[in-house]
Amino acid sequence: MSAELVYQHFPELSDKQREQFAQLDALYRDWNSKINVISRKDIDNLYPNHILHSLAIAKVVRFKPGAKVLDLGTGGGFPGIPLAILFPETEFHLIDGIAKKIRVCNEVIKGLGLTNVRAEQKRAEELKKPVYDFVVTRAVAKMARIAEWSMRLITRKQQHAIPNGILALKGVGLEQEMKELPKKSYLEEYPIKDMFPGVDFYEVKAVIYLQY
C-alpha cells in the first residue's frame, strides 16, 4: 500500500502534505536498512500499520495551532511524525530513551523539512513542566504506567474539543489493564476499524483516550 491510503482518508491534505506523506516510504526504507526501527518484514506495510495507524489519533481530536503534543516513547517516530505532517501548526516533541531511534527520527524530520517537531533522547522522568496539551503514545506500556509518566506533564489550560489528556494507540478489550487505573479516571475507547474500515490490521486496534 502507498500514500494513496492516507489521501483516501484525509482528502483535505495540501500538495506539500501529500508530498511529505509520499516521501516517508523512501526515507524509512533507507534508514530502516541502516538502523532497524520497523520490523524488516513489516516495512512493506508502512502505510497501514504505522502511518495511517498513527493518524487514527486525528479522528479523535484535531490539534489546534500552537498546541503542544508530547510523543512518549516515539521509537522510529510514530505516531509523532505522521501527526506533525497533518498538523503543521502544532508543536510536537518526540522522546525516546534509545539514541539510534532518535537519530532515525531526526533524519526523517530533516528529510521532510518539518519545522514543527523536535526529537530528543530523553525519558519522561527527565521532563518536569506541565506544558503539553496531549501526550500521544503507541505500544509503550500499560495505561497505568503511561498515566504515571504523563499526567504531571499535561497543562490545565484547555483549548480543544475534548479535555487535555493521553491518546494511546493500543489493542481493544483491555478491561483488566484499565482496572489498574485510579477509579476517578475517565477513559474512552475508539475502535480504529470504525475509522478506517476494510483493513484487517485495525480489527483489534483502538485509540484509548484518558482524560486529564
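The values are calculated or read from the model by the stated rules, or taken from the named source; none is laboratory data. In this text the structure is predicted, and so the values were computed from the model without any measurement. When we count neighbours, we look across all protein chains shown, and the Cβ atoms used for this are built from the backbone with ideal geometry, even at glycine.
If we keep just the residues of region 1-24 that are at pLDDT 95 or above and of a type in the set (A, V, I, L, M), which is farthest from Glu89 (Cα to Cα)?
Leu5
Here is a list: Leu52, Leu13. Which entry is under 16 Å from Gly80 (Cα atoms), within 20 Å of the chain's Cα centre (by Cα) and among the hydrophobic types (A, V, I, L, M, F, W, C)?
Values: Leu13 fails: under 16 Å from Gly80 (Cα atoms).
Just a single option satisfies the conditions, and that option is Leu52.
Mind checking whether some residue in region 51-65 is among the aromatic types (Phe, Trp, Tyr), touching an Asp or Glu at 6+ places or on another chain (Cβ under 6 Å) and buried (at least 16 other Cβ atoms within 10 Å of the Cβ)?
No: region 51-65 contains no residue that is among the aromatic types (Phe, Trp, Tyr), touching an Asp or Glu at 6+ places or on another chain (Cβ under 6 Å) and buried (at least 16 other Cβ atoms within 10 Å of the Cβ).
What residue, among those in region 58-117 that are of a type in the set (A, V, I, L, M, F, W, C) and in a strand (DSSP E or B), is farthest from Val135 (Cα to Cα)?
Our first condition is that a residue be of a type in the set (A, V, I, L, M, F, W, C); within region 58-117, this holds for 58, 60-61, 63, 67, 69-70, 72, 78, 81, 83-87, 92, 94-95, 98-99, 102, 104-105, 108-109, 112, 114, 117.
With the extra rule that they be in a strand (DSSP E or B), the set shrinks to 69-70, 72, 92, 94-95, 117.
On the way: Val69: 6, Leu70: 5, Leu72: 7, Phe92: 10, Leu94: 10, Ile95: 11, Val117: 14 Å.
Within region 58-117, the match that is farthest from Val135 (Cα to Cα) is Val117.
Is it the case, given these coordinates, that Leu27 is closer than 13 Å to Val108 by Cβ, at pLDDT 95 or above and in a helix (DSSP H, G or I)?
Details: closer than 13 Å to Val108 by Cβ: yes; at pLDDT 95 or above: yes; in a helix (DSSP H, G or I): yes.
Taking the combined requirement at face value, the residue satisfies it.
Condition check ((1) without any contact (Cβ under 8 Å) to a residue 40 or more places away in the chain; (2) closer than 25 Å to Glu189 by Cβ) across all residues:
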position: Asp42; (1), (2): yes, yes
position: Ile57; (1), (2): no, yes
position: Gly76; (1), (2): no, no
position: Glu91; (1), (2): yes, no
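Kindly list, by first and then second residue, each pair from a residue in region 21-36 that is among the β-branched types (Val, Ile, Thr) to a residue that is surrounded by fewer than 16 Cβ atoms within 10 Å (Cβ to Cβ), limited to pairs with Cβ atoms under 6 Å and residues at least 6 apart or on different chains.
Note: pairs meeting the criteria are Ile35/Lys100.
If the requirement is being of a type outside the set (Lys, Arg), touching a residue at least 12 places away in the same chain (Cβ under 8 Å) and touching a Phe, Trp or Tyr at 6+ places or on another chain (Cβ under 8 Å), which of these qualifies: Asp96, Asp133? If you could, list the steps in order and put the result at the bottom.
Working: Asp96 fails: touching a Phe, Trp or Tyr at 6+ places or on another chain (Cβ under 8 Å).
Every option except Asp133 fails the conditions.
Is there a residue being closer than 23 Å to Tyr190 by Cα and crowded, with 17+ Cβ neighbours inside 10 Å anywhere in region 108-121?
No, region 108-121 has no match at all.
Take the conditions in a helix (DSSP H, G or I), at pLDDT below 95 and of a type outside the set (Ser, Thr, Tyr) and apply them to Asp42. Does it pass?
Against the criterion (in a helix (DSSP H, G or I), at pLDDT below 95 and of a type outside the set (Ser, Thr, Tyr)), Asp42 qualifies.
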